[in-house]
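The values are calculated or read from the model by the stated rules, or taken from the named source; none is laboratory data. A quick note: this is a predicted structure, and the numbers were derived from the prediction, not measured. Here the Cβ is made from the backbone with ideal geometry for all residues, glycine too, and neighbour counts use every protein chain on show.
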């Protein structure tokens, strides 16, 4: 299929309240063949995002990005003369909400592909529904469990495992041999301690203590008191904002006084809003979007990042976050695959397994055995200072 130059604006359906209590997954055993009339109608892409709730700092910029890209695509003629109908459903940052939203998109809206969810827990709740229905799904969350041994699920956020590798390599280079971990208690933090233990052993690094917090937490006194009393050389705070930023603030206020790493879950302005001056000195692996002005001129991602930042700023009067970048990549990988082969589910799934895309989160090479398509080269190390990220290592 080739992209038409016909110009028209297609409707974009955005659902910002979840009222799906009646949804069921009882009829998701297979995918019916599309009739000829359907091929002339709109291409339907659904998205399940954390527009409200604890994940809103991720979901809102993702919603903005998908809405902007759908408008751009339809203004440019859609795909092969067909408009693209985008339906965004707010899962309210809950796993149950994500599951119901996925069922609704498949059963009622008859979508051709699903993007989402914003976080690991909701994405894991969506996965078995998409698998059973045999509908391609592209998550924008991090945990590798989302795509492990999956047939129908892909993702665009850098894997948590490679994030941990970048942290541990830096810790080893600095001579840290004992680490403490304070992590998100949801799916985003699941398995992180095990990965640090296994990968740390290869580098002579031991995990000496672990604590956990809910993403809605505002008091981190118990966790940071335990960290302060440990013999750790450095600390990893693993979460999303605002809780990760508030944990960082408590860390400084309680005088822990150890070097701090954070995960790529803080790749937005919300970290600085929550942590304030306590953010100074934090080191985090992340994609290149937030240090775009510090990249080498010949970096292969620079052109696409610069254009995305300009478009997003024009549309919303603000700069995009790393999470907006995950949505940008998911959209383009999806649209490129649909443009190439159409919307037959099995054919589309096969095309996604060959996807190559230079995007915001990295340079993707999907395969049948790798549904994330990124390795450690997708991450840089950055240090927080005075409300911005400074590139340490590309």
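Brief remarks on what is shown
- The set of residues from the range 296-308 being modelled with pLDDT of 95 or more and over 22 Å from residue 142 (Cα atoms) comprises 299, 300, 302, 303, 306, 307.
- Those strands (runs of 3 or more DSSP E) lying entirely in the range 153-215 with at least 2 residues more than 23 Å from the chain's Cα centre (by Cα) and surrounded by fewer than 17 Cβ atoms within 10 Å (Cβ to Cβ): 206-213
- Residue 96 vs. criteria in the same structural domain as residue 347 (by TED's automatic domain parsing), part of a loop (DSSP other than H, G, I, E, B), more than 26 Å from residue 368 (Cβ to Cβ) and at pLDDT 95 or above: no
- For the range 138-152, the set of residues classified as at pLDDT below 95 and either more than 18 Å from residue 367 (Cα to Cα) or part of a loop (DSSP other than H, G, I, E, B) (or both) consists of 142, 143, listed by residue number.
- The range 269-281: number of residues that are under 15 Å from residue 235 (Cα atoms) and crowded, with 24+ Cβ neighbours inside 10 Å: 1
- Of all residues in the range 63-93, those that are over 11 Å from residue 126 (Cβ atoms) and assigned to a loop (DSSP other than H, G, I, E, B) total 8.
- Filter pass, residue 266 being buried (at least 21 other Cβ atoms within 10 Å of the Cβ) and within 16 Å of the chain's Cα centre (by Cα): yes
- Any strands (runs of 3 or more DSSP E) falling wholly within the range 319-394 and containing at least 1 residues that are in contact with a strand residue (DSSP E or B) (Cβ under 9 Å, 6 or more places away or on another chain), closer than 25 Å to residue 297 by Cα and at pLDDT below 95: 388-393
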